[in-house]
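The next block holds one structure in the form of structure tokens; read it before the comments.
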């Protein structure tokens with residue numbers, strides 16, 4: 001009896017919900033059952049009448065009104081439904097309903113939604129917000145099965161369905177192999193997010209990358225693997241990363257323990273150095289791949305070339321560490337050890353360490369310059385010099401003592417030389433310049449400090465000159481609030497002098513974003529307004545780029561300075 005009363009109450013609730021009469025199967029699932037349980041037919045009719053609001057009819061009236069004044073009602077209504085859907089979406093409730101359905105049968109409306117491009121994109125957006133939702137993962141798998149696998153491959157989240165995740169990784173990994181360094185950097189954040197979302201996705205991605213490298217021998221796979229390690233460590237998964245790296249490397253126990261200690265402590269201790277040196281200077285050294293790791297080599301370089309790096313080593317230990325660096329960066333991955341080449345690099349690094357430590361004195365580093373120039377002909381030598389330049393620039397009084405506004409500092413000339421000789425090291429030169437530009441130098445008169453900062457801006461301009469352009473433009477835009485407007489104007493003036501058509505859309509967009517906040521400032525400087533207007537006029541005439549309405553409005557606002565300066 002009690003059970004029957006409870007059923008009646010449940011059916012009454014179903015009949016009382018808003019616009020219940022419009023719900024699918026309301027007559028079979030609620031009305032008929034209510035009457036079968038003894039409910040009064042008139043009561044059922046009353047409940048349906050009182051619960052009727054007429055939302056669909058009201059929506060139709062609003063849509064008709066919108067159409068009459070030229071508004072696309074379909075787009076507006078669709079956006080409104082999407083917004084409400086995203087606000088009220090409950091992944092747990094969806095998963096519960098999916099599991100309760102017999103044999104986990106797909107809802108009838110799912111196939112209809114899949115056919116619509118707009119609603120597929122909505123599902124992708126929801127999946128990025130709720131990557132563990134079983135219903136959404138099922139929907140994405142059905143989308144893939146329906147022939148939209150190319151869309152799935154561009155998802156920026158890790159699906160819990162292996163078929164979908166494989167599709168995402170396959171597209172991500174294959175697309176990153178042929179690209180240059182700049183495009184690699186642009187694509188990297190999305191790939192890292194997909195691979196490092198959870199421990200199991202990180203594990204799967206690293207195992208796949210290991211297999212790809214062993215079979216395809218593509219260097220981007222190694223770099224990508226290292227980037228995943230760095231990201232996972234930043235997320236607090238240091239222990240998990242170390243365990244997996246140990247498993248994948250197949251390194252001897254002594255090597256693994258020493259490398260793990262160096263990475264964990266971010267410095268090379270005497271004990272770790274002795275273990276590695278003894279093994280890699282033996283007649284049968286371990287595989288070179290165990291120490292051919294950028295992060296590891298960077299730690300070793302800092303230990304030797306950066307004063308106060310945390311470890312005080314005796315000269316003989318520094319020499320052993322230099323040998324390991326030379327071995328890791330010179331020896332080829334073959335059975336034969338190139339002893340002559342290793343010794344040559346070792347001797348250059350040893351001379352460089354002595355020169356920087358004992359002879360690099362005075363404004364022009366006269367006693368060490370010959371050795372420095374010889375060392376930067378080698379990529380590993382230039383990396384050592386970069387670390388030393390950064391330390392000297394921000395941890396010593398070099399600029400306070402020797403900076404002259406009329407001359408380009410020797411350290412700056414060295415940065416330009418490294419950027420010119422080693423294109424692959426331009427990102428590292430860029431990082432040094434950014435660090436030094438933002439450093440709060442003490443004991444400088446304001447006008448002298450401004451001149452020094454302008455000299456650092458000139459180093460960025462040299463990177464633009466050697467075609468490392470977009471990263472520099474992105475940085476200037478991000479740092480615009482930190483920089484004095486005059487520095488930004490100086491940068492723009494020089495860039496406009498260098499720029500020649502044809503221009504890329506990205507170049508035009510970045511320059512517009514940089515110029516917009518300083519439009520008033522530009523108008524006060526002779527010849528700058530004309531150069532800016534001429535640049536945008538040329539850009540608008542480029543056939544290979546399409547200026548969007550938003551970008552065109554920015555350009556119009558910037559170019560309005562022309563009339564202000566007449």
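The numbers here are math on the coordinates, done by the rules we state, and not lab data. Everything numeric in this text was worked out from a predicted model, so none of it was measured. All Cβ positions, glycine included, derive from the backbone under ideal geometry; neighbour counts span all protein chains shown.
Could you work out the percent of alpha carbon pairs in the chain separated by over 44 Å, rounded to a whole number? More than 44 Å apart: 41 percent of the Cα pairs in the chain. The convex hull defined by the C-alpha atoms of the range 195-313 has an orientation-averaged projected area of 7.9 nm². Here the convex hull built on the C-alpha positions of the range 177-246 has a volume of 77 cubic angstrom per residue. The range 12-91 and the range 281-348 have Cα centres separated by 73 Å. Only Cα sites of the range 1-63 enter the Debye sum here, all with the same form factor; the resulting log10 I(q)/I(0) across q = 0.25 1/Å is -0.99, listed in q order. Calculated mean residue ellipticity, 222 nm, the chain: -21500 deg cm²/dmol, from DSSP H runs (n ≥ 4) at -39500 (n - 2.57) each, averaged per residue and rounded to 500.
With the cut-off at 1.5 for a/c, could you classify the range 250-359 from its C-alpha gyration tensor as rounded, prolate or oblate? The shape class here is oblate. Compute the Cα gyration tensor for the range 373-426, then decide on rounded, prolate or oblate, letting a ≥ b ≥ c be the square roots of its eigenvalues: rounded whenever a/c is under 1.5, prolate when a/b is larger than b/c in the other cases, and oblate in all that remain. Because a/c hits 1.5 or more and a/b exceeds b/c, the range 373-426 counts as prolate.
Once the C-beta distance of residue 22 and residue 238 is scaled by a Förster radius of 45 Å, the resulting FRET efficiency is 0.20 to the nearest 0.05.
According to the square roots a ≥ b ≥ c of the eigenvalues of the Cα gyration tensor, what is the shape class of the range 474-532, taking rounded for a/c under 1.5, prolate for a/b larger than b/c otherwise, and oblate for the remainder?
Working: a/c = 1.83, a/b = 1.14, b/c = 1.60.
Oblate shape, in that a/c is at least 1.5 and b/c is the bigger or equal ratio.
Relative to the longest principal axis of the Cα atoms of the chain, helix 528-541 runs at roughly 60 degrees. Rounded to the nearest 10 degrees, the angle from helix 270-280 to the longest Cα principal axis of the chain is 90 degrees.
Got a sec? How would 388, 119, 109, 456 order by Cβ neighbour count within 10 Å, fewest to most?
Working: 388 25, 119 19, 109 9, 456 22.
Final ranking by Cβ density, sparse to dense: 109, 119, 456, 388.
Fully extended, how many nm does the chain gain between residue 13 and residue 549 (0.36 nm per residue separation, minus their Cα-Cα distance)? So the extension gain works out to 187.8 nm. Helix 410-421 and the long axis of the chain differ in direction by around 60°, with both axes built from C-alpha atoms.
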